[in-house]
Amino acid sequence: MRIGELSKRTGVSPRSLRYYEDQGLLTSSRSDAGQRHYSDAAVQRVSLIRQLLDAGLSSRVIATVLPCVDVPGDLDIAEETFTAMMRERARIDAEIAHLIETRDALDVLIRANSRHRAELSTAREPVAQEV
């Protein structure tokens, strides 16, 4: 199928599909006119790439992990991809810890602001209007 068809079937823009190919995540053959042609398996491949990107993995990390899918019986590749996946998991864990710290700091500020707002609202007294 051509790039437009793959784009329709996956919901991914042709520009992104070309990027995936440039990054080595997706392959195509070329017609004599230079048009990209993809196999039906490309639909599933693009879906996997999207899932990994949506999970926060970079295209560089995905390129490291995909050989495990492409050559599932190769122990060396399995070991390399395992190491990459564990490194990525540790990075995500560190991001989560940082986000929790940031949320906790924001909670402190929210509580302080809530107290300040309460103090301001009780300090305000209606001003009597002169007639």
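The values are calculated or read from the model by the stated rules, or taken from the named source; none is laboratory data. Note that this is a predicted model, so its numbers are computed, not measured. Every residue, glycine as well, gets a Cβ built from its backbone with ideal geometry; the counts of neighbours run over all protein chains shown. We work out accessible area using only protein heavy atoms, side chains counted, and drop any ligands, DNA or RNA first. Shrake-Rupley method; radii C 1.70, N 1.55, O 1.52, S 1.80 Å.
Assorted remarks:
- Within the stretch 1-19, considering residues that are in contact (Cβ under 8 Å) with a residue 40 or more places away in the chain and closer than 23 Å to residue 65 by Cα, the one farthest from the chain's Cα centre (by Cα): 6
- Matching residues in the stretch 63-79 - criterion: being modelled with pLDDT of 85 or more and within 14 Å of residue 27 (Cβ to Cβ): 63, 66
- Qualifying residue in the stretch 25-43 (condition: over 26 Å from residue 86 (Cβ atoms) and touching a residue at least 40 places away in the same chain (Cβ under 8 Å)): yes
- Scanning the stretch 20-38 for residues that are farther than 18 Å from residue 67 by Cα, among the hydroxyl-bearing types (Ser, Thr, Tyr) and open to solvent by 50 Å² or more (accessible area, probe 1.4 Å) yields one hit, 29.
- When residue 63 is tested against the conditions (1) touching a Leu at 6+ places or on another chain (Cβ under 7 Å); (2) in a loop (DSSP other than H, G, I, E, B), the lone failure is (2).
- Condition check for residue 60: over 22 Å from residue 1 (Cα atoms), among the basic types (Lys, Arg) and surrounded by 10 or more Cβ atoms within 10 Å (Cβ to Cβ): yes
- Residue 123 vs. criteria touching a Pro at 6+ places or on another chain (Cβ under 9 Å) and modelled with pLDDT under 90: no
- Scanning the stretch 96-112 for residues that are among the acidic types (Asp, Glu) and open to solvent by less than 100 Å² (accessible area, probe 1.4 Å), we see that the one that is farthest from residue 55 (Cα to Cα) is 107.
- When the test is whether a residue is outside any helix (DSSP H, G or I) and either among the β-branched types (Val, Ile, Thr) or surrounded by 15 or more Cβ atoms within 10 Å (Cβ to Cβ) (or both), residue 53 does not pass it.
- Taking residues in the stretch 49-68 that are closer than 17 Å to residue 13 by Cβ, and partners anywhere that are hydroxyl-bearing (Ser, Thr, Tyr) and assigned to a helix (DSSP H, G or I), the pairs with Cβ atoms closer than 6 Å and at least 6 places apart or on different chains are 49/20.
- The stretch 1-19 - residue that is more than 17 Å from residue 62 (Cβ to Cβ) and of a type in the set (A, V, I, L, M) and, of those, least open to solvent (accessible area, probe 1.4 Å): 6
Every residue, every condition in (1) in contact with an Asp or Glu (Cβ under 9 Å, 6 or more places away or on another chain); (2) modelled with pLDDT of 90 or more; (3) within 30 Å of residue 67 (Cβ to Cβ); (4) in a helix (DSSP H, G or I), yes or no:
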residue: 81; (1), (2), (3), (4): no, no, yes, yes
residue: 103; (1), (2), (3), (4): no, yes, no, yes
residue: 112; (1), (2), (3), (4): no, yes, no, yes
residue: 129; (1), (2), (3), (4): no, no, no, no
